[in-house]
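Comments concern the structure below.
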Amino acid sequence: MSKKNKAQSLKSGSKAGQKAGSKTAHKSGTPAPVVAKATLSEWIDGARIRTLGLAVAPVILAYAISVIEGESSVKLTILALIVAVALQIAVNFANDYSDGTRGTDNYRVGPQRLVGSGKARPRTVLLVALFFFAIAAAAGLLIVIRTHEWWLLGVGAVCIIAAWTYTGGKFPYGYYGFGEVMAFIFFGPVILLGTEYINLGVITEAAIWASLAMGSFAAAMLLINNARDIEPDRAAGKYTLAVLLGDTASRIIFVILLIAPFGFIWFFWLALPETAFTLFSLLAIGPAILIALMAQTSKELVLVLKLVNVGALLFALGLSYGLLKDVLF
């Protein structure tokens, strides 16, 4: 039996599944047989709710900047939020599907995935991913219709293609060390500047710096997530940035990426002292840094992911409050 087939047998979620796996030889790169139907909570986990703050935070911040610039639309911002969240959920399920069918998750040490664990059929997970892609596309189309900015259809198409090819397709960029770069671009400049543009019709310097801060959080989260899986990813032939850099360098760069957002928005503090409320995010970011530097287990790094998610949200909310304080109160 091949190494991957042995890994499939070990990954089976029940004794029945293990027996089934031992009786039937599966081709390399195929998921384990379905051994137990995934529960609702496991489907929710599959959406990776703990990371959705990265999609919400830049939209909130873009809206706050738009308000102080004098032009904002709650309806358009809600549509942008739907696009961002639906795309992130879609890419999470698409990642589950692609890694599971490639056999990459056979080596996984973190929380089990739906396809890799055999708890959901690949086709079902793919259909769920496509459903959320459709939601994102529909919300994006409504934005285009309301703004008459038809070129945004191209931006939307690029976003969907990028989401799918992260781990899907013949040349998934997530397997060649470009995942963090794309996370930085799409969860920073694309979401934040895109939301500001549909509100204002222009892109401001303040939004550019804020988008770099949000992108840093996204890249940091993906990097520490991949640092947890360095050995299994290397065994599966998945050369993430963490695999290429190694454990120690990955953790150091993770820390730099979490500190960088404060450098990107320092001039906000000078112009509007209330924006220093962003420092409250250190309540989550500080522990995330300490745990990441000292963590010995994958469970500890899962906690880091949750803390980064909370930290990014607190950062965006703190900066938004400082920007809107005079408007709201």
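The values are calculated or read from the model by the stated rules, or taken from the named source; none is laboratory data. None of the values given here were measured: they were computed from a predicted structure. Please note: Cβ atoms are built from the backbone with ideal geometry, for glycine as well, and neighbour counts cover all protein chains shown.
Overview of values
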{"quantity": "Test result for A84, hydrophobic (A, V, I, L, M, F, W, C) and either in contact (Cβ under 8 Å) with a residue 40 or more places away in the chain or not in a helix (DSSP H, G or I) (or both)", "calculated": "yes"}
{"quantity": "Scan of region 284-324 for residues that are over 14 Å from F262 (Cβ atoms) and exposed (fewer than 15 other Cβ atoms within 10 Å of the Cβ), ordered by number", "calculated": "L290, L293, M294, Q296, T297, K299, E300"}
{"quantity": "Residues satisfying the stated conditions in region 240-271, i.e. surrounded by fewer than 16 Cβ atoms within 10 Å (Cβ to Cβ) and not acidic (D, E)", "calculated": "L244, G246, T248, A249, I252, I256, I259, G263, W266, F267, L270, A271"}
{"quantity": "Only listed residue being in a helix (DSSP H, G or I), modelled with pLDDT of 95 or more and surrounded by 21 or more Cβ atoms within 10 Å (Cβ to Cβ), chosen from I191, I208", "calculated": "I191"}
{"quantity": "Qualifying positions in region 109-141 - surrounded by fewer than 21 Cβ atoms within 10 Å (Cβ to Cβ), modelled with pLDDT of 85 or more and part of a loop (DSSP other than H, G, I, E, B)", "calculated": "R121"}
{"quantity": "Any pair with Cβ under 6 angstrom, 6 or more apart, that starts in region 50-74 at a residue that is within 23 Å of L272 (Cα to Cα) and ends at one that is of a type outside the set (K, R) and in a loop (DSSP other than H, G, I, E, B)", "calculated": "S66/S72"}
